[in-house]
1. Name the residues in the range 565-601 that are among the hydrophobic types (A, V, I, L, M, F, W, C), within 25 Å of residue 106 (Cα to Cα) and out of contact with any Lys or Arg (no Cβ under 8 Å at 6 or more places or on another chain), would you?
2. Are any of the residues in the range 150-157 aromatic (Phe, Trp, Tyr), within 30 Å of residue 35 (Cα to Cα) and either at pLDDT 90 or above or surrounded by fewer than 19 Cβ atoms within 10 Å (Cβ to Cβ) (or both)?
3. Condition (residue is touching a Leu at 6+ places or on another chain (Cβ under 7 Å) and at pLDDT 85 or above) applied to the range 340-362: is it met by at least one residue?
4. Looking at the range 621-667 only, could you name the residues that are farther than 17 Å from residue 575 by Cα, part of a loop (DSSP other than H, G, I, E, B) and open to solvent by 40 Å² or more (accessible area, probe 1.4 Å)?
5. Can you tell me how many residues in the range 212-250 are touching a residue at least 12 places away in the same chain (Cβ under 8 Å) and farther than 27 Å from residue 41 by Cα?
6. Mind checking which residues of the range 561-570 are assigned to a loop (DSSP other than H, G, I, E, B) and either in contact with a Pro (Cβ under 9 Å, 6 or more places away or on another chain) or touching a residue at least 24 places away in the same chain (Cβ under 8 Å) (or both)?
7. Considering only the range 294-310, how many residues are of a type in the set (Ser, Thr, Tyr) and either crowded, with 24+ Cβ neighbours inside 10 Å or in contact with a Ser or Thr (Cβ under 8 Å, 6 or more places away or on another chain) (or both)?
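The values are calculated or read from the model by the stated rules, or taken from the named source; none is laboratory data. Since the model is a prediction, treat every value here as computed from it, not as a measurement. Here the Cβ positions follow ideal geometry from the backbone for every residue, glycine too, while neighbour counts run over all protein chains shown. Side chains are part of the model used for accessible areas, which takes the heavy atoms of the whole protein and leaves out ligands, DNA and RNA. Shrake-Rupley method; radii C 1.70, N 1.55, O 1.52, S 1.80 Å.
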Amino acid sequence: MLQRKIEGGAKGAYRADIDGLRAIAVAAVVFYHAFPSTLPGGFVGVDIFFVISGFLITSIIHAEIVDGHFSILTFYAKRARRIFPALVTVMVAVLIAGWFLLLPDEYEEVGKHVAAGSSFISNLVLLTEAGYFDATAKFKPLLHLWSLGIEEQFYLLWPLMLIIALKARRYGPALIGICGAASIAYCIALTRTHPYSAFYLPQSRFWELLAGGAVAMILVSRNRRLDDFMERRSDVIAAIGLALVVGSVLLVRENRHFPGPSAFYPVAGACLLIAVGMRSTINRFALAARPMRLIGLISYPLYLWHWPLLSFPAIILGAEPSLGVRLLAVAASVVMAFGTYWLIERPIRYRGRLALPALVSALALAVVGFSGFVVMMKQGIPERPAIQRLAGAQALFVGPLWQFTSNDICKQRYPLAGSEKYGWWFCMANKDADPTVLILGSSYANHHYPGIASNEAFAGQSVLSIGSCEPGWVTESDVEANLDADEFNPCTTRHAYDQMNMINGIIAKGTIKLAILDGLVRSPPTPAYIEAVEKRIAFLEAHGAKVVLYTPHMKSDYFIKACFARPLRSPAETCEVPISRAEEITKTMKPLVDHLRSTHPEVAIFDPNTLFCNGATCSFKRDGKPLFRDEYNHLSEFGSDKMAANLVDWLKSNRPEMLRTLTTSQQ
C-alpha cells in the first residue's frame, strides 16, 4: 500500500525516506505550536516542506517534459486533487465550528481567512494584517494557510520556468541558478529591513522551493562522479543533513532575523537528506521506518488540522490552553488527519478519472471561499442564534476592526507620504476644516476619538485625531539612535520624526484650542523622556492650545473577553482589580507630573483610572459592557464615550476655563 508510484524522484520511483522527512517536518511544526518551549525552532518544518515540495514537483514535471507528455492542465488538475479535498474539509469544519463558537469579530476574520485560503493568498492577506493591532496568532484558526499560498504562487510560475530552462539546454541551470540567487539575495536584504514582508512574500521564499527543485535536477543529471561521491560518503552526508535539520528545530528562533540566513540551515539539511536518498543508513532505517512513513502519509491533513484544533480552545478560553487540552488537541488532529487521508484525500486522489474529481474539488473550494467572503461581508453574522443573546457586550469587541483608525476626510486633508505602509496610522477628522480640538499620541490617544467627537461639550468643534507614537518631541539625534528597521512600526527610523514635523505644521496654524495627549510610557520616566514631553507641550502652548495630558490607564492581565459569557464558557474573570494598580501608576508617573506642574502649570493632568475605580476596587466593565475592546486594552466605543464624559465632568470641576475656551471658539 505504501509503495506508491506517484511521489518520488525521476521516473516516479517512490521515496519512503521522503515520507519520513515529511514526518519530521510536520512533527516539528505541530510540537512547536502545541509546546513551543519544547521545540522553539519547530516552525522551520515549513521550510523543510518547501524543499520537499520543490523536489517532488520538479521531479514529476521534469520526467513528463522529457517524455513529451507534460500538460499544464493535467498538472493543475493533479494539484487540485492533491490539495483541495483536505483543504475544503478543514475550512468547512472551521466555518461550521465558528458559526456556533465564535463572536462576530472572530467569525468575520475567519471568513476573511477562508476566502483568502481558498484563493491561495493567505500569505498576502496576513501581511496586510501584520502590525500593532494584529490579533495574537493563536486566535487565528487559519493562520497556517500562509504556506499553502506561497507554494501555489510558486507553482503558477515554476512549470513554465522549467520548460524554458530545459529548452535552453546548457543555459537552463544557469537560468534557474540566477532566479534562486536573486530570491536568496532578496530574502536576506528584505529580512533586515522588512521582516514581515520577507516572511510572507513569495519572492523571498521561492528559493527554498527552488533548492528542492535544484536537487531534483542534479539527481536526474546522472553525474557519475557525483553519484560515486554520494555513494562513498552517504552516511556522512546524511548525518550532516540530519544534524542541520535537528539543530535548526532546536536552536533557530522565530524573530525579526528569520527567514534570512537562518533559513539556510533547515533548507540545506533537507536538501542533503533528499540528495543522498536511500543510499544512507539514516534514510533507509530511520526516515524510511514504517512509523515515520505513516506520519509522512498524513502530514498534509495533519498540518491542516492541528492549528484550528489548537486555536479554537485558545479563543474560547481567552488564554493559552492547559497542557492537557493541548495534548488532546494534538491527539485529535492525528485522528482527524488519518480519517481525512483514508476517507477523503486518498479516494479522490488515486481513484477514478482525473478531470471530474479535479473539477468537483475546484468547485467545492470556490463555494467554500465564497461562503467565507459572505461571512466577512456580513461582519461575522451577529444574528446567529448562538450569539444573539450575547450581542450587547460582545458587539463591542472589535479588535483590529476598529472603525475609528482613519477616514477619507482626514487622509485627504493631511496626507503623509509612506503612512500607507505603517502597521498603524491614525487619522480621524469629523470636519473638513482646521482643527480646534487635537487628539495626539499613540493608539491610546486615538481610542478617545469617538467619545470626544460625540460628546456634547465638544459639539461644533473640528476634532482631529492624528499620529501613531508617544506624545513626545523627536529630534534628529533621536532618529540616529533609533534606526531599528521595522516596516510596520511608524515609530522607528525617521517615521516618528516625519510625523512630528507634519503634525507641527497643523499646530502652527494656531487654530487648536484644546489638545488631548495620551500614550505615555508606563515605565518610570527618564529625564530625557520628561524633556521630550515638555517640549511637545511647550510647542502646543506656544501656538495657543490648552493641553490635557492623560496619565497611563490600567491594563488587565487577561483578554477582557474572559469577563463575559460566550458559547461553551461562562465568564472566567470578574474584571475587577485592586485600586493599588492605579496607585502604582500614580507613583510611577509622579516625577513627570511634578515637573510639568512646576514648569507648565496651565497643563491639566487627568487620571483616566478614575473611570475604572470606585472605592477600593476597580473594574474594566460598566453596566454589563466592556470598557476595553481588545487584548491590548484599548477603549471600546462604549468605554470611549464613558471616558469622554468622565473627562468633561472633571474639567467642569477642576478646569472649567478649558471648556469655556471651546465655547468661545464657536462664537
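1. Selection gives 565, 568, 572.
2. no
3. Taking every residue of the range 340-362 in turn, at least one turns out to be touching a Leu at 6+ places or on another chain (Cβ under 7 Å) and at pLDDT 85 or above.
4. 667
5. Total satisfying the criteria: 6.
6. Keep residues of the range 561-570 that are assigned to a loop (DSSP other than H, G, I, E, B), which gives 564-565, 567-568, 570.
Of everything in the range 561-570, those that are assigned to a loop (DSSP other than H, G, I, E, B) and either in contact with a Pro (Cβ under 9 Å, 6 or more places away or on another chain) or touching a residue at least 24 places away in the same chain (Cβ under 8 Å) (or both) turn out to be 564, 565, 567, 568.
7. Total satisfying the criteria: 2.
Per-residue answers, yes or no, for (1) in contact (Cβ under 8 Å) with a residue 12 or more places away in the chain; (2) within 30 Å of residue 642 (Cβ to Cβ):
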residue	(1), (2)
365	yes, no
374	yes, no
383	no, yes
405	yes, yes
411	yes, yes
415	no, no
